[in-house]
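The structure appears right after this line, and notes come after that.
The values are calculated or read from the model by the stated rules, or taken from the named source; none is laboratory data. Values in this document were obtained by computation on a predicted structure and should not be read as measured data. Here the Cβ is made from the backbone with ideal geometry for all residues, glycine too, and neighbour counts use every protein chain on show.
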Amino acid sequence: MKKDYIFNGIRNVMIDAVDSFIHSESIAYIGMILILTAFFLETRDILHSKAVPYLGLMALGSGLLAVRAFLIDEWAFLILEIAWFIAAILGIWSISKKINQDSML
């Protein structure tokens, strides 16, 4: 027997809203804007392509686009976005590893 809690209705509405957002094109546009922002700032010498803010924007944007590609069964696009996401995360990891090594000296 399923218990009926007072917040079940609100919980279901919130889950439906999140599910609807993920399946909408909004997530794709947000991912696209993040990647284009990183690229624009890098080409204007505001960010460096090996800086954490740049890599963070790229990781977040490509991660969102990968989720969207998965949901709409765009497999080539999914593989591309996963590759970009992994490259950005590895870049961030490399920077944090270097910072940790430098702080130990």
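Show the residue pairs meeting these rules: Cβ distance below 9 Å; 6+ apart or different chains; first residue within the stretch 43-64 and of a type in the set (Lys, Arg); second residue modelled with pLDDT of 95 or more and surrounded by 13 or more Cβ atoms within 10 Å (Cβ to Cβ). Matching pairs, first to second residue: Lys50/Gly91. Looking for something at pLDDT below 95 and either under 17 Å from Phe77 (Cα atoms) or touching a Gly at 6+ places or on another chain (Cβ under 7 Å) (or both) - is there at least one such residue anywhere in the stretch 48-58? Within the stretch 48-58, one or more residues are at pLDDT below 95 and either under 17 Å from Phe77 (Cα atoms) or touching a Gly at 6+ places or on another chain (Cβ under 7 Å) (or both).
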